Amino acid sequence: MNIEKKVTWLELFYDLLFVAAVSKATHVLLHADNGYISIEYIAKFVLIFIPIWWAWVGQTLFNNRYGQDVFLHRIFMILQLFFVLTMTFSLSTDFDRYYVPFFIGYIGSRVLTAIQYVVVQKSEISHRAATARYLGTRFWIGIVISTASLFFDSWFRYSILYAGIAVDIILPLIGRRFMVKTPIHTHHLLERFALFTLILLGELVVSTLAVLQSSDGTWQSILFAFQAFILVIAMWWQYFENIEKKVDKAMQTAGQTIIYVHLLIYLSMSTIAASIQLLFMDQLAYRFMLGFVFLSVLLYFLSTSIVFHRYRHKHRQLRPFHLVIFLGLLGSFFLIDMCVVVPNYVIIGEMMVFFIVYARLATR
């Protein structure tokens, strides 16, 4: 298990299809009406994003524990690409219209993942066979529950669909005893999640470009875009400097902190990307905008802190006073902005400063 596992070219190609999926999910948050993003669209954003994340995680974890760059594995991956493409096409806020292609894409992806576990357990021994058998059989529970949604209409259909997805997501947690006995390749898994993080950073860059494209090239828009760009660079620096130099890649774990907390990282990165555009276009009520922006940044900070604290070398873990500094800085900016109405380029500037400080102190 200490042999370093490499990311294959097919895995990188697989990631490319999720670029469009992530972009579609993020754009759901740009539906601002009367100065607010409705609960409906926030909920739809989360409900769209979670199946994207879990479909990607499912195949990625199989590749991490059992994947080999052989003919049969490539066939399974190519079939996965088709189902991901179908799911991506169907992503929309109009759930009813695209329900069937979404169902085919998502369930097809999960069925293929379950089949791969069933196939591979026959060639494995001991705890590795037991883990593959557990996942290969238990994942069918969530698949069957979600499939039952086809027989219902209205909101009840979606309740059943997402109940199946929820079961699917918690099964590895329930079977943690199997996961621990078949630990992840930490180096490979961190690299895979870092590559997906690059997709989200791409969304942040696209949002920065959207600022320039939606303006007439005024000094204010250029300043705003510059600050947003530095913010993105600081996020990249903080995340990848930790991945590259600060974490213990030889650590053997079930990997569940990496897997599940990264959902929060990705959700927060999507909301920050949407925040950049909404902030510049001034489409949100001031206090709602502050809450949306600062909560997005806070979620990113807390979730990345959890992951990197768990996997950092002990002598490189951040201390409690670092947490006080980061939360104090972010809280101070928020209180000032709540008391004094400031322009959008000041708010984005504050976020830029926070991420620069976060990147500097978290990578020392």
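Observations on the model:
- Hits among lysines - C-alpha to C-alpha of residue 44 under 26 Å, sequence gap 8 or more where chains match: 24
- Relative contact order, whole percent, for the chain stands at 19, derived from Cα pairs under 8 Å and 6 or more residues apart.
- Couplings for the range 246-257, taken from phi via the Karplus curve 6.51 cos²θ - 1.76 cosθ + 1.60 with θ = phi - 60°, read 9, 8, 8, 7, 8, 4, 10, 9, 6, x, 6, 5 Hz in order; Gly and Pro are left as x.
- Summed over the residues of the chain and divided among them, the accessible surface reaches 45 Å² per residue at a probe radius of 1.4 Å.
- Computed FRET value (nearest 0.05) for residue 137 with residue 336, which takes r as the C-beta separation and R₀ as 56 Å: 0.50
- Segment residue 16..residue 323, full-extension length gain: 107.0 nm, with 0.36 nm per residue of separation and the alpha-carbon distance subtracted.
- In terms of its C-alpha gyration tensor, the chain comes out oblate, because a/c is 1.5 or above while a/b does not outweigh b/c.
- Between helix 219-241 and the chain: long-axis angle, C-alpha atoms, 0 to 90°, nearest 10: 40
- Every helix of 4 or more DSSP H residues in the chain counts as -39500 (n - 2.57), and over all residues that averages to -27000 deg cm²/dmol at 222 nm.
- Those lysines that a straight Cα-Cα span of less than 25 Å connects to residue 6, excepting residues fewer than 8 apart in one chain: 122, 181, 245, 246, 249
- On Cα atoms only, tilt of 9-27 relative to the major axis of the chain in degrees: 50
- The chain: angle of helix 39-65 to the longest principal axis, Cα-based, in degrees nearest 10: 50
The values are calculated or read from the model by the stated rules, or taken from the named source; none is laboratory data. Everything numeric in this text was worked out from a predicted model, so none of it was measured. Cβ coordinates were reconstructed from backbone atoms using ideal geometry, including for glycine residues, and neighbour counts include every protein chain displayed. Surface areas here come from the heavy atoms of the whole protein model, side chains and all, with no ligands, DNA or RNA. Shrake-Rupley method; radii C 1.70, N 1.55, O 1.52, S 1.80 Å.
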